[in-house]
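Here's the structure we're looking at; comments come further down.
The values are calculated or read from the model by the stated rules, or taken from the named source; none is laboratory data. What you are looking at is a predicted structure, and each value in this text was computed from that prediction instead of being measured. Glycine also receives a Cβ, built like all others from the backbone with ideal geometry; neighbour counts cover every protein chain displayed. Side chains are part of the model used for accessible areas, which takes the heavy atoms of the whole protein and leaves out ligands, DNA and RNA. Shrake-Rupley method; radii C 1.70, N 1.55, O 1.52, S 1.80 Å.
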Amino acid sequence: MSIRHRLWFLTALALLAGLLSIPVFVRLSVELTRIACARDEGDQLIQATVALVTINRDYLDRPDHPRPRQQILLASQRIRHLAGTLAAETAEPGLGQLIRQDAELLLQQVHEMMESPDSGIQLEDKRRSLLLGSQNLVDHTLRLNSLSQDLIARRWRTLGWLLGGFVVLLLASLTLGTLLLSRHLRRSLGRLQQGVHHFGQGNLEYRLQLAGRDELEELADDFNRMAEQLAASRRERQQALERLRSSEEKFRQLFDQAPIPMGLTNRAGEITERNRRFIDLLGYSAEDVPDLTSWWLRAYPDPTAREAVIASWQTAVTLAAATGGTIQPSAHSIRCRNGQIRFMEISGILLDDGILASFLDLTDRRRAEEELRASEARYRSMVNALSEGLLVFDPQGRIQSCNPAAERLLGMPMELMQHKSLSDWQPVREDGSPYPQTELPVARTLEDGRPRRDMVLGDIGPDGRLNWFLLNCEPVFEGQDNSLSSVVVSITDITRRFLAEQESRRLFMAVEQSPDTVLITDPRGNIQYVNPAFEATCGYSRQEASISPVRNPQGQIVNYVAVKRDISEELRLHAEQENLQRQLHHAQRLESVGRLAGGVAHDFNNKLGVILGRAELALMSELPDEALRQSLEEIRSAAMQSAELTRQLLAFARRQTILPRPLDLNDVITGLLKMLRRLIGEDIALDWIPGAELYPVLLDPTQVDQILANLAVNARDAIQGVGKLTIETANVRVDADYCARRPEAVPGDYVMISVSDTGSGMDQELQHKIFEPFFTTKEVGEGTGLGLATVYGIVKQNKGFVYLYSEPGQGSTFKIYLPRHTGTAQEADVAAEPLAIIGGTETILLVEDEGGIRNLAQSMLELLGYTVLCAENPSAALALADAHPGDIDLLLSDVVMPEMNGRELAERIRVRRPGIRCLFMSGYTADVIAHRGVLEQGTHFLPKPFSLDALAGKVREVLDSSALSINAPQ
C-alpha cells in the first residue's frame, strides 16, 4: 500500500468515524429541537393561559361586550392546540397528558362560564375555579418546561461528550496512523540507505527487500533494477575487457612471433613496443633506442643519409595520413647494433595513438640480385666472347637479341636484325634448294617446342656470297603454364668445312664410281681404302685384303706381299666389342649426368628451401588480400613441384636418401595394385603374375612405388585406347655368359620384376636415349622426361640393372633385376596418419653456412617455440657449444660446409656435450653421412627443401627418440 493510500485510509477512517457519529448528532439535534420546541410551546401555553384568564375576567366584567368573547374563543383554540402539541412532542408523556387534561378542564370551565354567566358568589367561585384550573395548567406547564430545560442541558452535555470523543478518536487515529507510517518510513528509508551504501561500495549483487507495495517499495525496485543493469553493464564491461585483453594477448603473440621485425611508436615519438625478431635481427633493445631520435642516430650514423631517410619517412607519414593510413614502403640501408649493414624495406600503418612499422629484410634478396646481375654480366661477357653466334627469337619468330659474333657472321648490326622475322630469311638446303619457311629449324621448334640439333643451311650474306652455317635450336619455357617464351639459336660458320666436305665428297664419288681399281695404302703399305672396282675385280673387300712390305737388312722395302685371310670371326668379335663399348659409354654418360644432377640438386634445393619456407611463413601470417594469398599459394605449389623434380634428379643420380630393408616384392606389389589400376585407367587391363617362393631383396619400400608408378605411367602413355599391362616376378640366376654381353650385370641370384605393355613400342635409336634425364617423346608440358631416368637411378643405386626389349608396334618389356638378399623379408609398413605440428621448448644449435636457409630454419624453429643458437660455420658452432651456459638438446647441422663437414662437427660437439642428439640436413646425401644415398641405422636426416611440417615432425622425432643417433657412416 502506498503512502498516499495510507494517508487516504487514515482520512477515510476518520471520516467513517465522523459519519458514524452523524446519526447520533442528528438524533440529539432533533431531540434538542423538539425539546426546545416543547419548551417554547409550554411558554406559549402559559402565556395563552394567562391571556385566557385575563380575557375571561374581562368578559365576566362585561359579558355583553362581543370582543372578549371572540378573544376567548381564539385563546381557547390556541391553548387546546398548544396543549395537544405539547402532549405529543414532550419527552414526558404522562405530564403531557396531564397538561392536556388541565387544558381541557380549563377550557370547559371557560365555556361553561361563557354559556351561563352568573353574578355574585357564583361568579367568584367560577373565577376561583378558573384561576385554580389555569394555575394547575401553568404549574404543570412550568414543571414540564423545567424538565425540558434539564433534558436540554443533559442532551447538550451528551452532545459535548460525543463531540469530544469524536475529536479524541480522530486525533488518536491520526496519531497512531502517523506513528505507524513514520515507523514504516524510517524502516524503509533505513533499508534504502543501507542499499545505497552497498551500491556505493560496488556491491551490485545486493538487493533491497521492502514489505508492502508503496512508493518506497517501487523506489527499492527501481534501485534493484538499476543495480541489475549496473551489474549487467559491469559484467559486459568485464567481458569486453576480457575480450580486449584476449585480443591484446593474441596481438601480442602475433606481434612478438611475427617473422619480420616490427616496432610500435606513440605520438610522442617513443618506441613503446618491439617484437623479438626486431631485437634478434637488428640487435637494438629498449635501452638502446627508446625513441625515434635515438633510432635515427643509431640506425643511420651518416648525417646526410639520416636526413634523407627522416625526410622520406615524414613525407610518407604525411601522405599516409591524407590517403588512408598506410605508409608506403621504402628501402634503406640500416646499421644493426653489431655493426652489420642490412638493406631493409620499411612500411607501416597509422594508428590512433601512433605508428606500427614493419621491416622486411631484403639483404639476401639484394645480395642475390647483385649476384644475379654479376652472373648475368659474366654470362653476357661469355656470350659476347663466343665465336659462335647466338640469336634469340620470340614466339612470333622475331629476333629479340644477339651477340657480336652473330652480327659478324650475318653481316648486319643488331639494330637491323631486330626488324627481321623468319619470312625475311631465304636460306637454302645442302643440295642448294630453297628451305621452305615452315620447315626452318627455328619455325619447327617454335611450332612443336622440340630442340633441333646440327641443322645445316646456307644463307646469302650482304656481300652476295653463300655462307654455310650449323644451327642448334633450343626452346625456352617459362611461367606457371610452362609456355614457350623464346628460342635460342646458335650458329657456327662452317663454310670452309662444308665446301671442303663437298669437294671431298665429289672426289670420293669420282673414285667410287671409277671403273678402274683404286687402292690406297699408308707409307707402310697398309691398305686404307679400296674402291668398288677393286672389290669387283679382285673379289676381296678392304677387310679381307692386305699388303705387307718386305724389307732388306738395311730396312729398305724391296717387295710387297699380299696376304688374304678369313676375318669373319674377328669382325664378329669386333662388332660385339663395339656394342660393349657403346653400352659402356652410355653407362658412363648416364653416370656423368647423374653426378652433375646431384651437384646441381644441392644448390637448387637450398634455393627452393628458402622459397618454399618463406612462402609457408607468409601464408601463416595475416595477409591484406586474397590475391596475395593466392600468389603465395602458387609460389609454394611451384616450389613443391620443383622439389619433386629435384628428388627425381637425385633418384637418377643415386643420391636419393633411402632406408633399405629386406622385402618380399610379392607382398609390396600386391599392396600397390589398387593404386596402379587407378593410375592406368579402366581401358587398360592389369595382369599380376607373382613368382613362387620369391627371394627377399634389400630395398626401400618407397622406391618400389616409384619404379612401378613410373613404368605404369610410361605404359599408359604408350597404349592407345584399350590395352594390357602385365607385371610378373621371378627368381633368376645371372651367369658369366650373360654378364659378358651386359657389362653392368654381375653374376649371382636376382629377383626380376617384368613390366610389359601392349603399347606402340620403340626403335633402337629411341631405346638408347630412353633412360637419359629430360628426354621425352611427349608433347611440351606433358612430361618432364625424368620418369624412366628415375627408375634407372633407383635400380643402379640398389646394385641392380635394367633390360629393355621393344619393337615398334609390338609393345615394350622392362625387366628389372635386383640382387637377392640373404636375410628374411619384413612386412610392409602401414602408412601412418600425418601428425599435427608439435613444437617444444628445447634448445637447438643450428649450423648452416647458407644464410637464407639458416634464417629460414631459425624463424621456423622459433615459431615452434624452440630456443635457437645460430652458427654460420663449424668454428662458430664449436664456440657456441663451449660458451652456452645451459643445455643444448639438439644439433641441427648442414652436411657440406667449409672447414669441416657435418659428421666431423657432430663428433667434436659430442666430446663437449655427450648427451646431445644430431639431425643432419642437406640438399643431397653426400658420402659424409651416407654411402650412395643409403643411411645406416640410427642416422637422422632431413632432406632439403623442407616444409614447416617436415621440420617440426623430424625435430620432434629426434628429440623424443631414446637413442642419441650420432652415428653418421663414412
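If DNA, RNA and ligands are ignored and the probe is 1.4 Å, what is the ranking of CYS336, CYS37 by accessible area, most exposed first?
Working: CYS336 0, CYS37 55 Å².
Correct descending sequence by accessible area is CYS37, CYS336.
What net charge is computed for the residues neighbouring GLN193, neighbours being all others with C-beta under 14 Å from the C-beta of GLN193, Lys and Arg scored +1, Asp and Glu -1? Let's see the in-between values first.
Working: positive: ARG186, ARG187, ARG191; negative: none.
Every neighbour counted, the sum reads +3.
Using label points projected 7 Å from each Cα along Cα→Cβ, tell me how many nm separate GLN253 and THR315, to one decimal.
Result: 4.2 nm between the two label points.
Output ³J(HN,Hα) for the range 803-819: one whole-Hz value per residue in order, computed from phi by the Karplus curve 6.51 cos²θ - 1.76 cosθ + 1.60 with θ = phi - 60°, and x for Gly and Pro.
Those phi angles translate into 10, 10, 10, 7, 9, x, x, 10, x, 9, 10, 9, 10, 10, 10, 10, x Hz.
Quick check: net charge around VAL456, other residues with Cβ under 9 Å of its Cβ, Lys/Arg +1 and Asp/Glu -1?
Numbers: positive: ARG429; negative: GLU430, ASP454.
For residues surrounding VAL456, the net value is -1.
I want to make sure I understand the PRE zone here: with the label point 7 angstrom from the Cα of ALA730 toward its beta carbon, which residues in the range 672-702 have backbone N atoms less than 20 Å away?
So the set is 686-697.
Using a cut-off of under 14 Å, list every residue of the range 316-338 whose amide N is near the label point 7 Å from the Cα of LEU628 along the Cα-to-beta-carbon line.
What the label zone holds, given the 14 Å backbone N cut-off, is 326-330.
Label-point separation (nm) for VAL428 and SER233, each offset 7 Å from Cα along Cα-to-Cβ?
About 10.3 nm separates the two model spin labels.
What share of the DSSP beta bridges in the range 656-819 is antiparallel, in percent to the nearest 5?
Working: 27 of 33 bridges.
Approximately 80 percent, going by the DSSP bridge assignments.
Classify the range 843-961: rounded, prolate or oblate, from the alpha-carbon gyration tensor (a ≥ b ≥ c, eigenvalue square roots; a/c under 1.5 rounded; otherwise prolate if a/b is larger than b/c)? Don't skip to the answer; put the middle values down first.
Details: a/c = 1.28, a/b = 1.09, b/c = 1.17.
Judged from the Cα gyration tensor, the range 843-961 comes out rounded (a/c under 1.5).
Suppose R0 equals 45 Å; then what is the FRET efficiency for ARG912 and SER375 from their Cβ-Cβ distance, rounded to the nearest 0.05?
Result of the calculation: an efficiency of 0.65.
How large a share of the accessible area of the range 293-350, in percent, is made up of carbon and sulfur atoms when the probe is 1.4 Å and the other protein chains stay in place? Could you put the intermediate results ahead of the total?
Values: 1770 of 3210 Å².
On the range 293-350, the fraction of accessible area on carbon and sulfur atoms equals 55 percent.
Among 356-368, 735-747, 308-320, 846-858, how do they line up by average Cβ neighbours within 10 Å per residue, starting with the highest? Please report the intermediate quantities before stating the final value.
Values: 356-368: 17.2, 735-747: 12.7, 308-320: 14.3, 846-858: 21.9.
Sorting 356-368, 735-747, 308-320, 846-858 by mean packing, highest first, produces 846-858, 356-368, 308-320, 735-747.
What does the accessible area of LEU179 come to, in Å² to the nearest 10, when a probe of 1.4 Å is used?
100
Where a ≥ b ≥ c are the square roots of the eigenvalues of the C-alpha gyration tensor, would you call the range 258-368 rounded, which needs a/c under 1.5, or, failing that, prolate if a/b is larger than b/c, or oblate? Kindly include the intermediate steps, with their values, before the conclusion.
Numbers: a/c = 1.38, a/b = 1.25, b/c = 1.10.
Judged from the Cα gyration tensor, the range 258-368 comes out rounded (a/c under 1.5).
Expressed in nm to one decimal, what extension gain is obtained for the pair GLU872 and THR537 from 0.36 nm per residue of sequence separation less their Cα-Cα distance?
112.6 nm
For a quick check: with amide H placed at 1.01 Å from N, whose amide H comes under 5 Å from PHE801's, ignoring anything fewer than 5 positions away on the same chain?
Hits under the 5 Å cutoff: TYR817.
Out of residues 5 or more away from GLY759 or on other chains, whose amide H comes under 5 Å of its own, with H placed 1.01 Å from N in the peptide plane?
Here the answer is GLY811, SER812, since their amide H atoms fall under 5 Å of that of GLY759.
Specify the inter-centroid distance of the range 327-371 and the range 267-293, based on alpha-carbon positions, in whole Å.
What the calculation gives is 14 Å, centre to centre.
Amide H neighbours of LEU362 under 5 Å, at least 5 residues apart or on other chains, H built in the peptide plane: list them.
PHE343, MET344, GLU345
Figure the gain on full extension for VAL476 and THR178 (residue separation times 0.36 nm, minus the Cα-Cα span) and round it to one decimal in nm.
Details: separation 298, 0.36 × 298 = 107.28 nm, distance 10.97 nm.
The VAL476-THR178 span can extend by a further 96.3 nm.
Going down the list LYS769/LYS944; LYS674/LYS954; LYS250/LYS954; LYS674/LYS799; LYS724/LYS815, which pairs span over 19 Å between their C-alpha atoms? Walk me through the numbers on the way to the answer.
Numbers: LYS769/LYS944 30 Å; LYS674/LYS954 30 Å; LYS250/LYS954 28 Å; LYS674/LYS799 28 Å; LYS724/LYS815 17 Å.
Where the Cα-Cα span goes over 19 Å, the pairs concerned are LYS769/LYS944; LYS674/LYS954; LYS250/LYS954; LYS674/LYS799.
Once the other residues with Cβ under 14 Å from the Cβ of LEU391 are scored (Lys, Arg +1; Asp, Glu -1), what is the net sum?
Values: positive: ARG398, ARG408, LYS420, ARG452; negative: GLU388, ASP394, GLU407, ASP424, ASP459, GLU474, ASP493.
Net charge in that neighbourhood comes out at -3.
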